[in-house]
Amino acid sequence: MISTDLIKGSLKTIVLKLLSDEGRMHGYLITQRVEELTHGKIKLTYGALYPILHKLESEKKLVTSQEIYNNRVRIYYSLTPEGTSAVREKIEELNEFINALRWIVEPGKNLSHA
């Protein structure tokens, strides 16, 4: 499993990308889908996820809607137009970071500087 310290800086990108690909989702489904897509390598805690969801909502990148499911209120998160446009930017930023880490971790390899 990947440490939460490494995940923290990428969590906004993970959430935005997942909502972009999958459409509206509730928190539990986000955690399950991330774990599934990463073959268990990334396990999001609610303590890490919900502050990011609230932050993205305050930044107007997400909106919420509510539905009753099994007599409980379930909150769904969806991208706003601002959130949709932020996805590509955040993915590019993350890819740049990953490439920069490769230059540090594997300095002897001929890695692209694009």
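Tabulated values for the structure
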quantity: Of all residues making up region 30-54, the number that are surrounded by fewer than 18 Cβ atoms within 10 Å (Cβ to Cβ) and under 22 Å from Glu82 (Cβ atoms); calculated: 3
quantity: The listed residue being of a type in the set (A, V, I, L, M, F, W, C), at pLDDT below 95 and part of a loop (DSSP other than H, G, I, E, B), out of Leu44, Leu94; calculated: Leu44
quantity: Counted residues, region 55-67 - those being surrounded by 14 or more Cβ atoms within 10 Å (Cβ to Cβ) and either in contact with a Lys or Arg (Cβ under 7 Å, 6 or more places away or on another chain) or not in a helix (DSSP H, G or I) (or both); calculated: 4
quantity: Failed condition for Arg74, given (1) in contact with a Gly (Cβ under 7 Å, 6 or more places away or on another chain); (2) outside any helix (DSSP H, G or I); (3) of a type outside the set (A, V, I, L, M, F, W, C); calculated: (1)
quantity: Filtered residues of region 68-92 (kept if exposed (fewer than 14 other Cβ atoms within 10 Å of the Cβ) and under 15 Å from the mean Cα position of the chain (by Cα)); calculated: Ser85, Arg88, Glu89, Glu92
quantity: Residue match in region 99-114 (condition: surrounded by 11 or more Cβ atoms within 10 Å (Cβ to Cβ) and acidic (Asp, Glu)); calculated: no
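The values are calculated or read from the model by the stated rules, or taken from the named source; none is laboratory data. This structure is a prediction, so every number in the text was calculated from the model and none was measured. All Cβ positions, even for glycine, are placed from backbone atoms using ideal geometry, and neighbour counts span all protein chains on display.
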